[in-house]
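The values are calculated or read from the model by the stated rules, or taken from the named source; none is laboratory data. Since the structure is predicted, the reported quantities are computational estimates derived from the model, not experimental observations. Cβ atoms come from the backbone with ideal geometry, glycine included; neighbour counts cover every protein chain shown.
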Amino acid sequence: MARKNKFLIIFLSVSIICIIFACAPAAFAHPDRDTYHEGTVACESVVKGGENIVLEKLDVEFSYPTILKKWNKANAEGYNGSVKSEYLLYNPSQSDDSARLWLRYGDVPPYFYGEPQFSKVYVDGAELSGKTRYGISYSDDEGRRRAADVFDGTFAPDDFVDPDDTVYLQTFVIVANGGHDYASCIAEISGYDGNLPLIGDSLFVSVSEKRNRIYYSVKNSLFTVATVGSPLGRGVSWRVAEDTSDMFSEYYDDKKAVHLIDTQTMTYEEYIRQNLGEYADEEYFSDLYASVTCRIYDKDLRAFRNSWLFDKEIIITWKEYEIAVPAGERVSLGIEESFFPDINENMSPDVYNAEYRILEFRRAAEFGVNAKAYTPYYVLDRDNCYFTKADDGGYVFIARDYGEDMLKFGISISENPKRANTVDLSILVGILMCIFLPIIFILMVMLGLITILLIPVGIVFGIIVLIKSVVRIIRKRRDKNDDIFKGY
């Protein structure tokens with residue numbers, strides 16, 4: 001028993017030490033772990049049409065007079081970094097042609113404190129007023145092109161969904177032992193063959209790899225499923241699991257059942273309006289209706305959360321411009337906008353990486369880019385851009401037959417920034433833990449073994465002491481009796 005207790009003490013001691021070291025990185029880590037901050041892409045745009053229009057030349061001029069610090073409100077209010085670009089467009093055909101340009105409007109990065117700063121578009125020096133359009137944000141190039149499809153009305157087949165299609169909103173309740181159970185749980189639905197269900201805000205949905213089951217994480221016993229075209233029928237089956245930590249739990253509670261308690265209907269258009277809220281105004285609705293429907297069509301999922309479709313955080317503003325180029329003529333297209341660089345704090349000093357996306361016109365064989373960057377700081381070469389110092393104080397990049405879609409370069413207060421030589425305290429603690437934890441463990445084991453070995457030694461020693469004590473007592477009694485008998 002004593003041996004087991006000793007091992008238990010050793011195990012608990014080592015466990016406590018491990019917990020302390022495991023918690024140390026979180027306790028000592030720097031509170032701001034994000035050392036790379038995403039900016040925006042200058043000229044984030046899409047072009048459609050203009051098959052006969054050729055891009056012959058591009059002049060880009062960056063102005064970056066002040067360093068933009070992240071989360072610095074005062075600095076953001078005085079920020080004036082901008083880019084001006086001039087595209088020389090030529091129509092060599094015998095007929096007039098035009099293209100539509102959609103430009104992201106007022107796009108700012110998450111780290112920027114200030115208000116959106118809007119772009120300006122010019123044709124032959126005359127400013128154009130663009131039409132405001134609204135859409136749902138996409139994060140890749142293909143997504144930008146799909147946004148243009150939404151504005152163009154070609155985002156999905158005509159028979160995919162109709163505004164007058166019926167949406168069935170069915171409210172279900174989870175019942176346990178004859179009463180309502182308000183504990184969170186997972187309800188699994190299988191056997192649904194209708195169109196895509198649209199899910200309310202109180203639900204979380206995930207689709208299994210087999211794509212034939214949909215899981216709802218329910219905050220209380222009531223939840224609503226909205227389906228397009230047909231309601232959930234008798235072919236649908238439900239199972240309920242208590243363990244919400246495992247979305248695909250196999251531990252189901254047979255005592256709980258899912259019952260339908262209410263059904264309401266509305267048109268698909270009414271359903272979209274209801275969920276768009278303030279954005280259901282006619283100024284927004286046509287574009288956002290198309291954007292939501294496009295996202296449902298593109299994702300091809302069995303289910304969605306409301307926030308995936310209607311969250312105002314994913315609604316962005318575009319400007320639409322018509323660019324006309326008469327037959328045999330050349331037109332100068334100018335764009336002015338703010339640009340917000342990526343901030344890389346992993347370098348010392350910080351490096352600010354700027355990106356500029358070239359408009360997607362057909363390129364001339366001798367297509368050339370002339371780029372200048374005016375800044376009191378250093379312009380760093382990056383990827384396809386190699387800048388040299390110019391006599392007028394700026395940095396010049398010149399390329400002929402340029403085939404890249406993105407101009408990229410860096411800005412820094414140092415000509416040769418280095419990777420920051422900073423040691424993260426969590427990494428340092430982790431290293432120390434790897435070094436000292438085995439040593440401590442070995443010492444604890446050795447101490448435990450020594451303690452265990454000392455137990456029998458202690459027992460033998462105790463027995464010897466006990467025997468000696470008994471012998472001593474016996475001798476004393478014998479000597480005392482001898483003294484008594486000596487008197488007679």
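Checking every residue in segment 318-334 against the condition of being of a type outside the set (Gly, Ala, Ser) and under 22 Å from the mean Cα position of the chain (by Cα) gives zero matches. Right, SER85: among the small types (Gly, Ala, Ser), in the same structural domain as ARG363 (by TED's automatic domain parsing) and in a strand (DSSP E or B) or not? Yes.
All conditions in (1) touching a residue at least 12 places away in the same chain (Cβ under 8 Å); (2) closer than 21 Å to GLY39 by Cβ; (3) outside any strand (DSSP E or B) hold for GLU313, with the sole exception of (1). Within segment 162-185, does at least one residue satisfy the condition of being of a type in the set (S, T, N, Q), at pLDDT below 80, more than 30 Å from PHE340 (Cα to Cα) and in contact with a Ser or Thr (Cβ under 8 Å, 6 or more places away or on another chain)? Among the residues of segment 162-185, at least one is of a type in the set (S, T, N, Q), at pLDDT below 80, more than 30 Å from PHE340 (Cα to Cα) and in contact with a Ser or Thr (Cβ under 8 Å, 6 or more places away or on another chain), which makes the answer yes. With respect to the conditions (1) touching a residue at least 12 places away in the same chain (Cβ under 8 Å); (2) surrounded by fewer than 18 Cβ atoms within 10 Å (Cβ to Cβ), LYS299 falls short on a single one, namely (1). For segment 45-79, which positions are farther than 22 Å from TYR90 by Cα and part of a loop (DSSP other than H, G, I, E, B)? Listed by number, the residues that qualify are TYR64, PRO65, THR66, ILE67, LEU68, LYS69, LYS70, TRP71, ASN72, GLY78, TYR79. Considering only residues in segment 335-358 that are over 23 Å from the mean Cα position of the chain (by Cα) and polar (S, T, N, Q), the one that is surrounded by the most Cβ atoms within 10 Å (Cβ to Cβ) turns out to be SER338. Note on segment 42-68: residues that are among the small types (Gly, Ala, Ser) and surrounded by fewer than 20 Cβ atoms within 10 Å (Cβ to Cβ) amount to 2. Considering only segment 316-331, state which residues are surrounded by fewer than 15 Cβ atoms within 10 Å (Cβ to Cβ) and either part of a strand (DSSP E or B) or at negative phi (or both). Hits for segment 316-331 are GLU322, PRO326, ALA327, GLU329.
When segment 110-159 is limited to residues that are more than 30 Å from the chain's Cα centre (by Cα) and part of a loop (DSSP other than H, G, I, E, B), the one that is surrounded by the most Cβ atoms within 10 Å (Cβ to Cβ) turns out to be GLY130. How many residues are closer than 19 Å to VAL150 by Cα, modelled with pLDDT of 85 or more and basic (Lys, Arg) if we restrict to segment 289-345? Total satisfying the criteria: 1.
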